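Enquirer: Once you've had a glance at the structure underneath, I'll fire off some questions.
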Amino acid sequence: MSSSRSSVDMASIVVLILAVVSITLTLQVADAKPFPAPDLKLCQMAFNDTSENCCTLPYTGAPLRKFAFKPELPMRVRQAAHLVDDAFIAKYQRAVELMKALPETDGRSFVAQYRLHCAYCNNHLHFPENEYPLEIHQTWLFFVWHRLYLYFNERILAKLIEDDTFALPYWNWDNQDGTNPLPNEIPKVWASNITIFPNAINKTSSLFHETRNPCAGIPGRIVEFQNILGPCLPQNYTEVRAQSSHLMWTQTVSAGPTPSTWHGASYRFGDFGGVGMGTMEARPHGPVHVWTNIRQMSTNKDSASDPIFFGHHANVDRLWEHWLTLPGKYRKHITDPDYLNTAFTFYDEDGEQVSVTVKEALDLNLLRYKYQEMPAKWATQGLNDPTWTFCSPTPTPADDAALIAATPRFNGSLAILSGPTTFKLKRRPSLSARHGEEMLELKAKLDFHTQHMQNIFAFLPNSTYQNTSIGCMEFIGCMFSIPHVGMSPDLKPEFTFRIGIRRKLELMGRAHLKDIVITLAGEKSAPPIPGESGFELTSAKIIYSKK
Ligand code: C2O
């Protein structure tokens with residue numbers, strides 16, 4: 001009796017489990033929201049855009065091709081740009097010349113290629129069923145979209161010069177070595193010999209762009225990640241190098257321990273664009289654009305019209321690969337199916353539209369390219385670098401206790417105005433140790449038409465954007481949102497931003513404290529909209545997540 005009853009129970013349990021599994025699967029299918037490959041004909045001028053129309057994208061009328069790997073391609077090596085030889089420079093120049101000579105009605109042309117970058121940002125690509133246009137920046141699509149964009153651009157250049165070994169060079173701007181040539185000055189390959197770029201090759205080089213920042217072109221001038229818009233004063237190399245290494249370490253090792261911190265916020269079909277950027281996209285990626293060519297490279301719309309864009313993004317792509325090799329149990333590819341199944345449309349080396357999914361872009365062996373190895377000393381520099389010093393007087397436990405006691409707790413909403421904003425948050429030291437990582441998560445309602453840059457400091461309430469160095473030990477990361485020019489002003493979407501904090505707290509000797517004092521030091525000196533902050537923090541908390 002009892003045995004037959006238990007078998008009935010077993011059967012109904014199995015039925016129940018099956019039902020739950022099938023409901024879950026149905027829900028997952030119904031909920032799946034990857035972006036489909038966009039039809040480039042759906043590109044429209046953004047709503048208040050009056051400049052060049054990047055939506056005049058070519059079509060041959062041929063059906064959309066599906067991407068296929070090309071195992072027959074030789075393994076191509078992307079070289080460090082400062083080390084390439086003159087023969088390579090001549091070959092690369094020739095390839096870009098040929099690309100520039102193609103009519104803009106050809107998807108392989110230089111013009112069509114840079115317009116394609118513009119189309120994927122600033123609200124140009126519309127899907128009939130989606131309220132919001134596509135924006136691949138400031139989302140988890142940032143790294144992967146640019147990888148594929150470079151892949152096809154490189155394949156087109158290779159085909160134009162009939163050389164399948166051709167690979168784009170990368171601008172090794174994270175490398176602070178003082179070698180000759182310097183890895184982090186503008187490499188000669190993209191320079192020109194008109195007056196302001198005396199270290200160059202040829203003033204009509206197809207790889208040069210006339211609106212470069214003249215200061216950035218001074219030979220020996222190294223790229224900066226913080227003071228990028230000031231007057232062109234002599235550089236203090238030691239200081240710039242120390243700050244840049246510290247920023248690289250902070251944004252990559254300490255602030256970027258998980259996919260969501262490194263890649264940015266999840267972004268699915270139906271979401272508005274610009275949900276939140278990852279640490280690398282925020283900095284150093286952003287400032288390198290602006291420092292190099294404020295006119296073209298600092299807008300998403302035009303940035304790919306400077307050929308150095310491709311060397312810059314090759315380095316971003318290389319650093320994504322490098323990030324995967326750093327210690328930490330959560331440094332993995334994103335496994336969310338909506339990410340993996342999102343698809344994009346590009347032009348292939350025949351000028352035909354091709355659709356390719358994110359999951360096809362995650363293995364460089366299959367794409368048949370790799371990076372020439374260069375040291376990334378910043379990655380291991382952290383724990384014993386003597387140049388990383390506290391910017392507050394050496395803190396004692398009593399000082400920390402007094403600071404914590406004097407700091408208000410975040411109470412659910414905070415208007416971020418000019419000047420620094422300081423609050424404290426609860427943290428759980430034992431959970432943090434068990435979990436191995438810990439993140440600060442901020443959510444905000446932003447005015448999306450202005451730029452928001454905040455340097456974030458821990459236990460340094462007097463910090464300001466202008467006067468507090470990113471070389472300070474207390475600098476724990478930065479938050480950045482680019483202006484989304486084409487977005488309707490009525491929208492005030494929520495922005496999410498996460499940074500890892502555990503490594504930095506360990507380094508500061510503060511991993512045991514039950515509270516953290518956070519200061520947001522904003523770049524803006526005044527609120528963008530009179531009477532409003534343009535930036536309202538709606539949530540701030542410490543989380544322990546694998547994502
Ligand atoms: Cu699509 Cu560096 O920007």
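The values are calculated or read from the model by the stated rules, or taken from the named source; none is laboratory data. Just so it is clear, the structure is predicted and the values come from calculations on it, not from any experiment. With ideal geometry, Cβ positions are generated from the backbone for all residues, glycine too; neighbour counts draw on all protein chains shown. Each accessible area value is taken on the protein alone, full model and side chains, heavy atoms only, with ligands, DNA and RNA left out. Shrake-Rupley method; radii C 1.70, N 1.55, O 1.52, S 1.80 Å.
Enquirer: Here are some conditions: (1) in a helix (DSSP H, G or I); (2) surrounded by fewer than 24 Cβ atoms within 10 Å (Cβ to Cβ); (3) touching a Cys at 6+ places or on another chain (Cβ under 6 Å). Residue 282 meets all but one. Which one does it not meet?
Expert: Evaluating residue 282 over (1) in a helix (DSSP H, G or I); (2) surrounded by fewer than 24 Cβ atoms within 10 Å (Cβ to Cβ); (3) touching a Cys at 6+ places or on another chain (Cβ under 6 Å) leaves (2) as the failure.
Enquirer: Okay, next question. Let me confirm something: among 104, 162, which residue is without any contact (Cβ under 8 Å) to a residue 12 or more places away in the chain, more than 25 Å from the chain's Cα centre (by Cα), open to solvent by 10 Å² or more (accessible area, probe 1.4 Å) and more than 15 Å from the ligand (Cβ to nearest atom)?
Expert: Within the list 104, 162, the selection yields 162.
Enquirer: Taking the residues in the range 109-153 that are within 14 Å of the ligand (Cβ to nearest atom), part of a loop (DSSP other than H, G, I, E, B) and of a type in the set (Ser, Thr, Tyr) as candidates, determine which candidate is modelled with the lowest pLDDT.
Expert: My answer is 120.
Enquirer: Could you please give the count of residues in the range 324-364 that are closer than 26 Å to residue 435 by Cβ, in contact with a Lys or Arg (Cβ under 7 Å, 6 or more places away or on another chain) and surrounded by 16 or more Cβ atoms within 10 Å (Cβ to Cβ)?
Expert: Of the residues in the range 324-364, 3 are closer than 26 Å to residue 435 by Cβ, in contact with a Lys or Arg (Cβ under 7 Å, 6 or more places away or on another chain) and surrounded by 16 or more Cβ atoms within 10 Å (Cβ to Cβ).
Enquirer: Right, residue 130: touching a His at 6+ places or on another chain (Cβ under 9 Å) and in the same structural domain as residue 305 (by TED's automatic domain parsing) or not?
Expert: Criteria not met by residue 130.
Enquirer: May I pose another question? Just give me the residues in the range 165-185 being closer than 26 Å to residue 355 by Cβ and within 16 Å of the ligand (Cβ to nearest atom), in sequence order.
Expert: Listed by number, the list holds a single entry, 168.
Enquirer: Can you tell which of 134, 98 is closer than 17 Å to residue 346 by Cα and of a type in the set (A, V, I, L, M, F, W, C)?
Expert: Within the list 134, 98, the selection yields 134.
Enquirer: Could you list, in sequence order, all residues of the range 88-101 that are at pLDDT 95 or above and either aliphatic (A, V, I, L, M) or within 16 Å of the ligand (Cβ to nearest atom) (or both)?
Expert: Residues satisfying the conditions are 95, 96, 98, 99, 101.
Enquirer: Please enumerate the residues belonging to the range 115-154 that are surrounded by fewer than 24 Cβ atoms within 10 Å (Cβ to Cβ) and of a type in the set (D, E, K, R).
Expert: Listed by number, the residues that qualify are 129, 131, 147, 154.
Enquirer: Here is a follow-up. Whether any residue in the range 365-374 is closer than 30 Å to residue 520 by Cα and either surrounded by fewer than 18 Cβ atoms within 10 Å (Cβ to Cβ) or more than 21 Å from the chain's Cα centre (by Cα) (or both) is what I want to check.
Expert: For the range 365-374, residues closer than 30 Å to residue 520 by Cα and either surrounded by fewer than 18 Cβ atoms within 10 Å (Cβ to Cβ) or more than 21 Å from the chain's Cα centre (by Cα) (or both): absent.
Enquirer: Here is a follow-up. When you check residue 179 against the structure, is it in a loop (DSSP other than H, G, I, E, B), under 30 Å from residue 59 (Cβ atoms) and open to solvent by 10 Å² or more (accessible area, probe 1.4 Å), yes or no?
Expert: no
For (1) at pLDDT below 95; (2) open to solvent by less than 30 Å² (accessible area, probe 1.4 Å); (3) assigned by TED's automatic domain parsing to the domain that holds residue 144; (4) closer than 30 Å to residue 33 by Cα, each residue gets a yes or a no:
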| residue | (1), (2), (3), (4) |
| --- | --- |
| 227 | yes, no, yes, no |
| 232 | yes, no, yes, no |
| 245 | yes, yes, no, no |
| 254 | no, yes, no, no |
| 257 | no, yes, no, yes |
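Residue by residue, here is whether (1) under 30 Å from residue 272 (Cβ atoms); (2) modelled with pLDDT under 90; (3) open to solvent by 10 Å² or more (accessible area, probe 1.4 Å) holds:
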residue: 411; (1), (2), (3): yes, no, yes
residue: 415; (1), (2), (3): yes, yes, yes
residue: 418; (1), (2), (3): yes, yes, yes
residue: 444; (1), (2), (3): yes, no, no
residue: 451; (1), (2), (3): yes, yes, yes
residue: 463; (1), (2), (3): no, no, no
residue: 488; (1), (2), (3): yes, yes, yes
residue: 496; (1), (2), (3): yes, no, yes
residue: 511; (1), (2), (3): no, no, yes
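Enquirer: Another question, if that's okay. Search the range 184-219 for residues being modelled with pLDDT of 90 or more and in a loop (DSSP other than H, G, I, E, B), and hand back the single one that is most open to solvent (accessible area, probe 1.4 Å).
Expert: Selected residue: 185.
Enquirer: Filter the range 433-484 for residues that are polar (S, T, N, Q) and assigned to a loop (DSSP other than H, G, I, E, B) and give the result.
Expert: 450, 451, 462, 463, 464, 466, 467, 468, 469, listed by residue number.
Enquirer: Sticking with this structure for a sec: Of the residues 263, 289, 312, which single one is without any contact (Cβ under 8 Å) to a residue 24 or more places away in the chain and within 16 Å of the ligand (Cβ to nearest atom)?
Expert: From the options 263, 289, 312, the qualifying one is 289.
Enquirer: In addition: Of all residues in the range 53-90 being assigned to a loop (DSSP other than H, G, I, E, B) and free of Cβ contacts under 8 Å to residues at least 60 places away in the same chain, which is surrounded by the most Cβ atoms within 10 Å (Cβ to Cβ)?
Expert: 53
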